[in-house]
Amino acid sequence: MTARTKKLLSYLLKLGILVLAFWFIYHRILKNNDNIHKFEGLVAHVTYNKVVITMACVVLLMILNWVLESLKWWHLTRKLSPMSVWKAIEAVFCGLTWAVFTPNRIGEYGGRVMFLPNRKRIHGVFAMAVGAFGQNVITNVLGAAASVWFLFTFIHPKDWIMLCVVVVAAVFMAIMLTFYFNIQWMVFLLNRVKFLHKYHRFFDIMGNYKTNQLLNIMWFCLARFFVFTFQYYLIIHLLIPQIPLYQMSLLMFVFFFIQSAIPSLDLLDIGVRSITADKLFSYVTDQHIAIVVAVSLIYIINLIIPAVLGSIFVFKLKFFDRNS
């Protein structure tokens, strides 16, 4: 199978998933009159002031979220090429602009590293990979723990199955944390792959981060995780205040966990996100439209708006700067 055929099949698969997702949302949620009536009754009790205050808080948290990511990027690049915090913010927002127009948000790497000197841009890709790995560890560890709670609370599997799930989850979390704080092990394994060995000087960049540096990066990742969890909480609590905080938070942990395993569908993956969240929250509420609205709003605020803002910084990029 040629590379072109694989790419075509990939796009067709993504298109098929999107079509099914939006069909599901329309026919199972939006076309259902009962769902619409429930949602209308729900929003009738939401005051204008509550909406304004909640949305303002969510937008402020969006800014905090990406400032934290910028500080993480600033921390990651200090050894490569020191930059100001403001330049790190510009790089992150520029990366978001590139991300929404590229498969699996791969453009985010390109957008960020273009703010580094030319000779350090490839190094920056691997430094960013360390930060992405840290965020993935947080998502997977907390998501795996929340998934155990979800199965025990809502699915009620047999005791032996539950025990197996707990053991697998514990081993999985231990492996994730062990590999993160011993990232040089992963570098060693990558260097053992014959056709990758010629890139060892780039892989070694990841292994240069010491435990205390990795711990600092982890704190940024953890802070971001709780910031966007709180964003979801604010909007869902505005629409469905009956859901307890702990249930809503743990369900969001499971949601993030599942989302991390699903390839990004770029600008249009909002349909898949909505289906996933609706399915999870169906165990605690029948307000399907409210969940879809919450997920859609967070997607727009956290990704689309920053991508638009980041377009300002695209004009500062130096694609052919030979002096850097």
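Is it the case that some residue within segment 107-115 is crowded, with 18+ Cβ neighbours inside 10 Å and among the charged types (D, E, K, R)? Break it down stepwise before answering.
So in segment 107-115, the residues crowded, with 18+ Cβ neighbours inside 10 Å come out as 107-109, 111-115.
Cutting the leftovers down to among the charged types (D, E, K, R) gives us 108, 112.
Yes, segment 107-115 has at least one match.
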Review point. Taking Met128, is it assigned to a helix (DSSP H, G or I), of a type outside the set (Ser, Thr, Tyr) and either without any contact (Cβ under 8 Å) to a residue 40 or more places away in the chain or open to solvent by 50 Å² or more (accessible area, probe 1.4 Å) (or both)?
Key: no
Check your understanding: Considering only residues of segment 261-285 that are modelled with pLDDT of 85 or more and over 13 Å from Tyr232 (Cβ atoms), which is surrounded by the most Cβ atoms within 10 Å (Cβ to Cβ)?
Key -> Thr285
Revision key, fill the gap. Taking segment 135-148 and keeping residues under 12 Å from the mean Cα position of the chain (by Cα) and surrounded by 19 or more Cβ atoms within 10 Å (Cβ to Cβ) leaves Gln135, Val137, Ile138, Thr139, Asn140
Review point. For Phe172, are the conditions met, namely being open to solvent by 40 Å² or more (accessible area, probe 1.4 Å), modelled with pLDDT of 95 or more and either in contact with a Phe, Trp or Tyr (Cβ under 8 Å, 6 or more places away or on another chain) or of a type outside the set (Gly, Ala, Ser) (or both)?
Key: yes
Practice item. Identify all residues within segment 70-80 that are assigned to a helix (DSSP H, G or I) and either open to solvent by 10 Å² or more (accessible area, probe 1.4 Å) or among the β-branched types (Val, Ile, Thr) (or both); write none if there are none. Key: Leu71, Trp74, His75, Thr77
Exercise for review: Might you let me know whether segment 180-187 holds any residue that is within 30 Å of Ile298 (Cβ to Cβ) and either open to solvent by 40 Å² or more (accessible area, probe 1.4 Å) or touching a residue at least 24 places away in the same chain (Cβ under 8 Å) (or both)?
Suggested key: yes
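For segment 221-256, give me the residue count where each residue is under 24 Å from Trp73 (Cβ atoms), in contact (Cβ under 8 Å) with a residue 40 or more places away in the chain and not polar (S, T, N, Q). Quick ask: steps written out before the conclusion?
Restricting attention to segment 221-256, the residues satisfying the condition of being under 24 Å from Trp73 (Cβ atoms) are 221-232, 256.
Those left that are additionally in contact (Cβ under 8 Å) with a residue 40 or more places away in the chain: 221-225, 227-228, 230-232, 256.
Then drop every residue that is not not polar (S, T, N, Q), which leaves 221-225, 227-228, 230, 232, 256.
The number of residues fulfilling the criteria is 10.
The values are calculated or read from the model by the stated rules, or taken from the named source; none is laboratory data. Here the structure is a predicted model, which means the values were calculated and not measured. Using ideal geometry, Cβ is built from the backbone for each residue, glycine included, and neighbour counts are taken over all protein chains shown. Just so you know, the surface numbers come from the protein's heavy atoms only, side chains and all, with ligands and any DNA or RNA stripped out. Shrake-Rupley method; radii C 1.70, N 1.55, O 1.52, S 1.80 Å.
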